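Here is the structure we will look at.
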Amino acid sequence: MRPPASMRGLENLGRVRLSEHFFMRDFLYSEIGNLHRIPNIPENPDLAIENGSKLCRALLDPLQETFGRLAIRSGYRSARLNQFGNQNKLNCARNDHPLECHIWDRGAGDQAIAGTSLAIPWFADQYAQGRDWRDLAWWLHDHLPYSEMWFFPKLAALNLAWRPQPLRMISSYVAPRGALLKAGDTPQEDLATRRRRYGDFPVLRGLRLG
C-alpha cells in the first residue's frame, strides 16, 4: 500500500482492521497534527499496519475484553509529526530514540515496534480515589507480553509498547518515580505479593498472540 495521496486513500487506510476491536483510524488522531497542520500519515502503511496489528492483538484486544473500553490518547505518529513534537518539547521522544514506540513504520523484523498511550477508565476511577498505579503495572506484567510501560500522573495513563522480543521494562512519572522494573531484572515483589495487589481485578480475557 502506498501512502495515501487523496481523501479516499486516507479513508481506506482508516478502514483497515488491525484486530477484532481496533481499526487504523482509532490511532491516527493527533492534537499536535491538528493544531500545527501536520498530516499524521504513515510513509510505509503496510509496515505500520503489520506492527500495529500485532500491538492490538497481543495487548489491546485482551485489555479491552477484560476491562471494557480503552481510551487511546496517542497512537500512531508519523516520523515528521513525531520529530516536530520532539523539537518543540511536546512530549515526544526523538525519532531515533530506542524506546520511541509511536512510529510504527520505523522498523521491521527484530527491530519492529508499535506502541500507544492509553488510559483504562475502569482503573482510572480507582486511581482517582488513591489506588496505587503499581497494582495495574503488576497485573499487566503478570498477564500480557508487553515490552515497555511508562505510567503518567493523569488518569494512571501509560505508554504500552509491543516488540517481537519484549524488553519487559516498567517506568513511571508517578511516585515512586523512575524504573519499577529494568530489562532483564526480576520483580522485587514476589508473585504472591503482586497477586494480592490486584486480587479484585477481572479475569484476563481474549489473549491472542497470532
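Couplings for the stretch 55-71, taken from phi via the Karplus curve 6.51 cos²θ - 1.76 cosθ + 1.60 with θ = phi - 60°, read 4, 5, 6, 7, 10, 7, 4, x, 5, 5, 5, 7, 10, x, 3, 9, 9 Hz in order; Gly and Pro are left as x. For the stretch 124-139, putting each phi into the Karplus relation 6.51 cos²θ - 1.76 cosθ + 1.60 with θ = phi - 60° gives couplings of 4, 4, 6, 4, 4, 8, x, 5, 6, 4, 5, 4, 6, 4, 6, 4 Hz, in residue order, rounded to whole numbers and with x for Gly and Pro. Spin-label model, ASP142/ASP190: points 7 Å from Cα along the beta carbon direction are separated by 1.3 nm. Each distinct pair of alpha carbons in the stretch 137-210 adds a 1/r term; the inverse of their mean, the Kirkwood radius, is 13.2 Å. Diffusion coefficient (Stokes-Einstein, Kirkwood radius over C-alpha pairs, 20 °C, 1.002 mPa s) for the stretch 1-102: 150 µm²/s, rounded to a whole number.
Around the amide H of MET169, modelled in the peptide plane, lie the amide H atoms of GLU148, MET149, all under 5 Å away and 5 or more residues distant in sequence or on another chain. Neighbour counts of C-beta atoms inside 10 Å place MET169, MET24 in the sequence MET169, MET24, starting with the fewest. Placing unit charges on each Cβ (+1 for Lys and Arg, -1 for Asp and Glu) gives the chain a dipole about its Cα centre, and among ILE38, VAL174, TRP162 the Cα reaching farthest toward its positive end belongs to ILE38. Counting only DSSP H runs of at least 4 residues, each contributing -39500 (n - 2.57), and dividing by the residue count of the chain, the helix-based mean residue ellipticity at 222 nm comes to -8500 deg cm²/dmol. Restriction of the chymotrypsin sites (Phe, Trp or Tyr not before Pro) in the stretch 141-192 to DSSP coil positions whose beta-carbon has at most 16 other beta-carbons within 10 angstrom yields TYR173. Among TRP139, TRP104, the ranking by other beta carbons within 10 Å of each residue's beta carbon, starting with the fewest, stands as TRP139, TRP104.
Computed on the stretch 36-95, the Cα convex hull volume stands at 101 Å³ per residue. Can you give the net charge of the other residues whose Cβ lies under 13 Å from the Cβ of PHE84, counting K and R as +1 and D and E as -1? Around PHE84, the charge tally is +4. Put simply, the amide H of PHE201, placed in the peptide plane, has no neighbours under 5 Å, leaving out anything fewer than 5 places away on its chain. Couplings for the stretch 10-16, taken from phi via the Karplus curve 6.51 cos²θ - 1.76 cosθ + 1.60 with θ = phi - 60°, read 5, 4, 5, 4, x, 7, 5 Hz in order; Gly and Pro are left as x.
The distance from the alpha carbon centre of the stretch 45-85 to that of the stretch 142-190 is 17 Å, rounded to a whole number. For the chain, the fraction of alpha-carbon pairs lying more than 23 Å apart is 44 percent, rounded to a whole number.
Counting every other Cβ atom within 10 Å of each residue's Cβ, THR66, THR193, THR186, THR116 order from fewest to most as THR186, THR193, THR66, THR116.
No value in this document is a laboratory result; all are computed from the given coordinates. Predicted model only: the values in this text are computed from it and were never measured. Note: ideal-geometry Cβ built from the backbone for every residue, glycine included; neighbour counts use all protein chains shown.
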